[in-house]
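Step one of this worksheet: look at the structure below.
The values are calculated or read from the model by the stated rules, or taken from the named source; none is laboratory data. Given the structure is predicted, the values throughout are model-derived calculations rather than measurements. Note: ideal-geometry Cβ built from the backbone for every residue, glycine included; neighbour counts use all protein chains shown. What goes into the accessible areas is simple: the full protein's heavy atoms, side chains included, and nothing from ligands, DNA or RNA. Shrake-Rupley method; radii C 1.70, N 1.55, O 1.52, S 1.80 Å.
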Amino acid sequence: MSGVAAARGVAAASGARRVGAGLGSRLAVTVGSRLAVTVGGAARLRVITLLACVLALESADSATIGAIAAPLEAALHIGNTQLGLLVTVSTAVGALAAIPAGALVDRVNRVRLLTVAVVLWSLAMLISGFASSFLMLLVTRLALGAVIAAAGPAIASLTGDFFPAADRGRIFGFVLTGELVGAGVGYLIAGSLAGLLSWRASFLVLAIPGALLALSLRRLLPEPARGGQSQIGIGDTEILVPRSAGAPAPDQGSGGPAGHPPPPPAEGDAERAVRRAAILPHRDRVLDRDPVTMGLGGAIRYVLTVRTNVLLILASALGYFFYAGLRIFAVEFLRGRFSLSQSTGSALLVLIGAGSVLGVLTGGRIADRLIARGHIAGRPLVAGLAFLLAAGLLLPGLLIMTTLVAVPLMFCAAAAYSATNPPLDAARLDVMQHHLWGRAEAVRTTIRSLFVAAAPLVFGYVSTQFGGQVVGLAGSTGSTKAPGAAAILATNARGLDLTFLIMLTPLVAAGALLIVVGRRTYPRDVATAVASEQQREWGRGG
């Protein structure tokens, strides 16, 4: 009888597992179907997911450094300045490599370029997990510049070719969620692993998704044709690209088969609005030669003559400067301010960061709707207002000591800050001819990376001037119960608190630039880009 009962128990358990697996499978299908409906179809969901995952890699890496700050500093006997240097070196290499990477993006297979960058990133993370000294860890960070250099230009160019201009603000919102999810994963998983195992486990675990992503890019993402011929429509289930997709052959210039130019990208709401308003382009900036054959120096000079593009780059760089410093030292600040453990501080930061997902999904959508209703400068206007709102919410959030009041303010500030990025990214494509997207984004990536590279060092140095110090903080576990740990945490939090307040200035400056100047220059620069797109036979007056 006991044997029969045991057999029945095994059968029941097996049946329960099958039912559980079936429910899990159906849940995954349901979630996937709803996401596909939200973004406009299964094909769009695939592209958005893969591009978002690439952004998640770099964000997860930087967040990991911040999440394991205390155990890393204790193990390697370093302070805030050296910690910031770990992020600075990889970002600086990315800044130096961005221009040549952007030139490659405009000429070679972009998906293949991204795949190679992701493979290098995974190898660097693997080696970082076995680093035996600060110098060795610093050297391995250099390879991480590859994904920083290639990701921005390639993703901007691919997004422009896969999605119509009218949807780009909303689409960039979905893609940029990868950056936020990556940061959340870095803080939550890396912080927990550092507390349970060691800081090395945080690096080793993150190498796994990088390898899987490289394989997914190779198998699931085709290279689209340039110029909008591969745009994915609402409801499409497959990604259809012409057989000649990719960079034009050297002997064909920017034209299609038999020397005929490809059809221009579909007209977006911004382009339609400037045409209806009869806004004249800058005639001296309308391209009179093929941008594909334009030399790198000439392309950079042209990109920097577009006034709106320069303003968008500066605003983006100022915003990322603040974000780069914040994500490195935020966990230490929260631990000291509210007397939290390493894992609890990381979890609280993820909760605050959830506001960023809300912002990034709404900022682009609001800007797109404003443009559709005739507000031509909706994208720079929304981004500028969001910058100012973020600074306004952070000011009391950093001053108030009560958790129940400070955390909601920080949550809303995170939403406002993240709402700036989708309209900024979409606006940069609006003011540039599509064959220059890669090189234009490379210029932006270079300037932004210089600001991002400086941020950890600047934040770390300024915090030490106000008493911040994290050398051997609380031991490798990040416990707040070690002798003197609570006092050190509190002192460091005060230094970081004053630092964050000072660094609100770049957010205010970015908002002012966009509202006062950017919204005025944007319409005419869009008209200039439209005129350049229509100049189909360069050099022959077409």
Has the range 198-213 got any residue that is open to solvent by less than 40 Å² (accessible area, probe 1.4 Å), among the small types (G, A, S), in a helix (DSSP H, G or I) and at pLDDT below 80?
no
A154 vs. criteria more than 15 Å from the chain's Cα centre (by Cα) and in a helix (DSSP H, G or I):
no
Qualifying residue in the range 123-140 (condition: in a loop (DSSP other than H, G, I, E, B) and open to solvent by less than 10 Å² (accessible area, probe 1.4 Å)):
yes
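The rows are residues; the columns are (1) at pLDDT 90 or above; (2) more than 27 Å from V105 (Cβ to Cβ); (3) surrounded by fewer than 20 Cβ atoms within 10 Å (Cβ to Cβ); (4) of a type in the set (F, W, Y).
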position: G392; (1), (2), (3), (4): yes, yes, yes, no
position: L395; (1), (2), (3), (4): yes, yes, yes, no
position: M401; (1), (2), (3), (4): no, yes, yes, no
position: M410; (1), (2), (3), (4): yes, yes, no, no
position: S418; (1), (2), (3), (4): yes, no, no, no
position: R428; (1), (2), (3), (4): yes, no, no, no
position: G438; (1), (2), (3), (4): no, no, no, no
position: A442; (1), (2), (3), (4): no, no, no, no
position: T445; (1), (2), (3), (4): no, no, no, no
Extreme residue, surrounded by the most Cβ atoms within 10 Å (Cβ to Cβ), among residues of the range 66-76 that are at pLDDT 75 or above and not charged (D, E, K, R):
I68
Restricting the search to the range 411-460, which residues are over 20 Å from the mean Cα position of the chain (by Cα), in a helix (DSSP H, G or I) and of a type outside the set (V, I, T)?
H434, H435, L436, L457, F459, G460
Any chance L340 is in contact (Cβ under 8 Å) with a residue 60 or more places away in the chain, in a loop (DSSP other than H, G, I, E, B) and over 30 Å from R276 (Cα atoms)
yes
Among residues belonging to the range 23-59 that are within 15 Å of the chain's Cα centre (by Cα) and at pLDDT below 80, point out the one that is surrounded by the most Cβ atoms within 10 Å (Cβ to Cβ).
E58
Quick one: I189 ticks every box in (1) crowded, with 24+ Cβ neighbours inside 10 Å; (2) at pLDDT below 85 bar one, so which box is it?
(1)
Quick test for you: out of A270, A277, pick the one residue that is in contact (Cβ under 8 Å) with a residue 60 or more places away in the chain and open to solvent by 10 Å² or more (accessible area, probe 1.4 Å).
A277
Mind checking which residues of the range 315-359 are hydroxyl-bearing (S, T, Y) and in contact with a Phe, Trp or Tyr (Cβ under 8 Å, 6 or more places away or on another chain)?
Y320, Y323, S346, S356
Run down V350, V331, V357, V310 and say which single residue is of a type outside the set (F, W, Y), farther than 13 Å from A67 by Cα and touching a residue at least 12 places away in the same chain (Cβ under 8 Å).
V357
Take the residues in the range 77-95 that are of a type in the set (A, V, I, L, M) and open to solvent by less than 30 Å² (accessible area, probe 1.4 Å); name whichever of them is farthest from I447 (Cα to Cα).
I78
Can you confirm whether R365 is charged (D, E, K, R), under 22 Å from L311 (Cα atoms), open to solvent by 20 Å² or more (accessible area, probe 1.4 Å) and out of contact with any Cys (no Cβ under 9 Å at 6 or more places or on another chain)?
yes
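Filter the range 371-390 down to the residues that are part of a helix (DSSP H, G or I), open to solvent by 50 Å² or more (accessible area, probe 1.4 Å) and within 30 Å of A278 (Cβ to Cβ) and list them by number.
Across the range 371-390, the qualifying residues are A372, L381, L385.
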Kindly indicate whether V292 is open to solvent by 10 Å² or more (accessible area, probe 1.4 Å), part of a helix (DSSP H, G or I) and among the β-branched types (V, I, T).
no
Which of the residues that make up the range 319-348 are among the β-branched types (V, I, T) and crowded, with 24+ Cβ neighbours inside 10 Å?
I328, V331
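For residues that are among the β-branched types (V, I, T) and under 15 Å from V357 (Cβ atoms), tally how many sit in the range 379-423.
1
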